[in-house]
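Structure first, then comments.
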Amino acid sequence: MKNIPIDINESSLVVMDLIFKLKIRDVMTRGLISAKRCDSMHHIQQLMKDNSITGVPIVENKRLYGIISIDDIINALEHGYRDDPAEKHMTTNLVVLDEDMPLSFAINYFDKYGFGRYPVLNARQEVVGIITTRNVNISLLMALIKEIHELESRIEPHPTPDNTYMLKEYHVRQYGFDEAGKASNNLKKFLQEHQHPTRLMRRAAVAAYELEMNLVVHSTGGTLTIIVTQEKVEINVVDHGPGITDVEQAMREGFTTANEWIQSLGFGAGMGLPNARRVSDEFDIESSPDGTRVRSVIYLNPQDAPAT
Amino acid sequence: MKLDELMKRMQAETIQPGPDIAIQTAYTSDLLSDVMAHAESNSLLITIQAHTNTIAVAFNADIRAVLICHNRPVPDDMKQAAAREHIGIYRTNDNQYVSSWKVYTLLQG
């Protein structure tokens, strides 16, 4: 298995850009814990234990002489030479990295040589730090998070139709019970602020909540969009699957596919979709294994509602 | 009857004080969809569902207070959500049946 699961030749442009832009010096640990040639193996074992590390470079006056790894310590314990100086057992055939190299070199080295850490030298051949797979993973993760934020901030919002006075999109996660209710509660607060009749608010909130919970309980995640215009509240739900096998059956009260722990939370009573339809003036649902789409409309003025 | 007085007479523990309003009726259910479909506005909900989703449902259905049965533990995020939405949380050792009977008797009396 690769130490760091990134192909440094064939990854996405963003990843390639990151691993060439980041330098070893941006990623390495600087506060280096080292020992001297004359320090005992026992002393180094203690250093590892105290600092939760598995390798200690042997450094004097910034010059690198060798490295003692946890394997060397295990050998020392096994063969009873804990009191020997490090000099006698350290690895001297060292692979090092230069602080100016791009991160891609480190990723390559971890795969090529199989060491757990590499000392890092500057142009004057002085030890300036050490790099581990943990350093690489954390810095890559942080850089990717930053990159994703930037990409997301560039996404254009949907154009808002002229007569819309609220448009909100919620991303709903599977089993995201803690967040559930956000969309419907916000919708209700919005309608409350605009002084719509209580019964109407409740209908809209019920439709939004049931559809939101359906995403949480049954889908692998999806999006709930709420549009409020002068005339109506429209709730659109799109998920990524797994789809409803029999829509007609799902619309019947009491039919449920929810498991026991979901039911123990008070959901999955087989009332969600029937409830949402009952409070809606218009209600459409279509489903395939690729996903389900639901549209619920509630008119703000009852006379606009189609006769049912 | 005022919510506060009703809960005092029930000898229920106040977890999060509710609004100063009169309660006309209550609804007993542990199925949240059932609550949303059938509970009346400005009512009290009697349930064992002690989690934040109960508050989300109560808010949507205009329920003003929740009575948790069986002394079930109430998590902090539920209390915070209730405080934010001005919904009361009370707790009793009684089960849903006994609680419902007590509330019914007090509201009819």
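The values are calculated or read from the model by the stated rules, or taken from the named source; none is laboratory data. Since the model is a prediction, treat every value here as computed from it, not as a measurement. We place every Cβ from the backbone using ideal geometry, glycine too, and count neighbours over all the protein chains shown. These area figures cover heavy atoms from the full protein model, side chains too; ligands, DNA and RNA do not enter into them. Shrake-Rupley method; radii C 1.70, N 1.55, O 1.52, S 1.80 Å.
Assorted remarks:
- Separation in nanometres of the label points that stand 7 Å from Cα toward Cβ, at A:D98 and A:I145: 3.2 nm
- Sequence-distant contacts, meaning Cα pairs under 8 Å at least 6 residues apart, place the relative contact order of chain A at 14 percent.
- Taking all protein chains together and a 1.4 Å probe, the residues A:Y175, A:Y118, B:Y97, A:Y299 rank B:Y97, A:Y175, A:Y299, A:Y118 from largest to smallest accessible area.
- Placing B:S43, A:S34, A:S139 in order of accessible area, with the largest value first and a 1.4 Å probe, yields A:S34, A:S139, B:S43.
- Just the protein heavy atoms count here, and of the accessible area of the protein assembly as shown at 1.4 Å, carbon and sulfur take up 49 percent.
- Mean shadow area of chain B over all directions, Cα convex hull, nm²: 5.5 nm²
- Difference of contour (0.36 nm per residue) and Cα-Cα distance, A:F255 to A:S288: 10.0 nm
- Dipole magnitude of the protein assembly as shown, debye to nearest 20 (Cβ charges: Lys/Arg +1, Asp/Glu -1, about Cα centre): 980 debye
- The stretch A:13-152 gives an Rg/Rh value of 1.04, both radii derived from C-alpha positions and Rh following Kirkwood.
- For B:T28, neighbours were defined as the other residues whose beta-carbon sits under 14 Å from its Cβ, and their charges (Lys and Arg +1, Asp and Glu -1) total -3.
- Estimated dipole of the stretch B:3-108 in Debye, rounded to 20 [Cβ of Lys and Arg +1, of Asp and Glu -1, Cα centre]: 200 debye
- Here's the picture: charge each Lys and Arg Cβ at +1 and each Asp and Glu Cβ at -1 in chain A, and of A:V127, A:V206, A:F110 the one pushed furthest to the positive end of that dipole is A:V127.
- Residues B:Y27, A:Y113, sorted by accessible area with the largest first, give A:Y113, B:Y27 [1.4 Å probe; ligands and nucleic acids excluded].
- Antiparallel DSSP beta bridges within the stretch B:3-108, as percent of all bridges there, nearest 5: 20 percent
- Threshold 20 Å², the stretch B:60-99 residues less accessible with all protein chains present than alone (1.4 Å probe): B:N60, B:D62, B:E85
- Burial here means at least 20 square angstrom less accessible surface with every protein chain in place than with the chain by itself, probed at 1.4 Å; in the stretch A:162-192 the buried residues are A:F177, A:D178, A:N185, A:K188, A:K189.
- Using a 1.4 Å probe over protein heavy atoms, the accessible area lost on pairing A with B, summed over both chains, comes to approximately 1900 Å².
- Surface per residue (accessible, 1.4 Å probe) for the protein assembly as shown, Å²: 53 Å²
- Chain B - percent relative contact order, Cα under 8 Å, separation 6 or more: 31 percent
- Isotropic mean projected area of the C-alpha convex hull, the stretch A:114-229 (nm²): 12.8 nm²
- Selected from A:V237, A:Q249, A:C38, residue furthest toward positive end of dipole (chain A; charges at beta carbon): A:C38
- Paramagnetic reach from B:S41 (point 7 Å along Cα→Cβ, amide N under 12 Å) across the stretch B:9-35: none
- Using a cut-off of 20 Å between Cα atoms, the listed pairs A:K182/B:K79; A:K188/B:K2; B:K8/B:K102; A:K168/A:K232 include A:K188/B:K2 as exceeding that distance.
- By the helix-only formula, in which each DSSP H run with n ≥ 4 contributes -39500 (n - 2.57) and the sum is divided by residues, chain A has a 222 nm mean residue ellipticity of -11500 deg cm²/dmol.
- For the Cα trace of chain A, dividing Rg by the Kirkwood Rh returns an Rg/Rh value of 1.24.
- With all protein chains modelled, accessible area of A:K23 [1.4 Å, Å²]: 60 Å²
- Each Lys or Arg adds one and each Asp or Glu subtracts one; over the other residues with Cβ under 11 Å from the Cβ of A:V15, this totals -3.
- The Rg/Rh ratio for the stretch A:258-306 is 1.11, where Rg is the radius of gyration of the alpha carbons and Rh is the Kirkwood radius.
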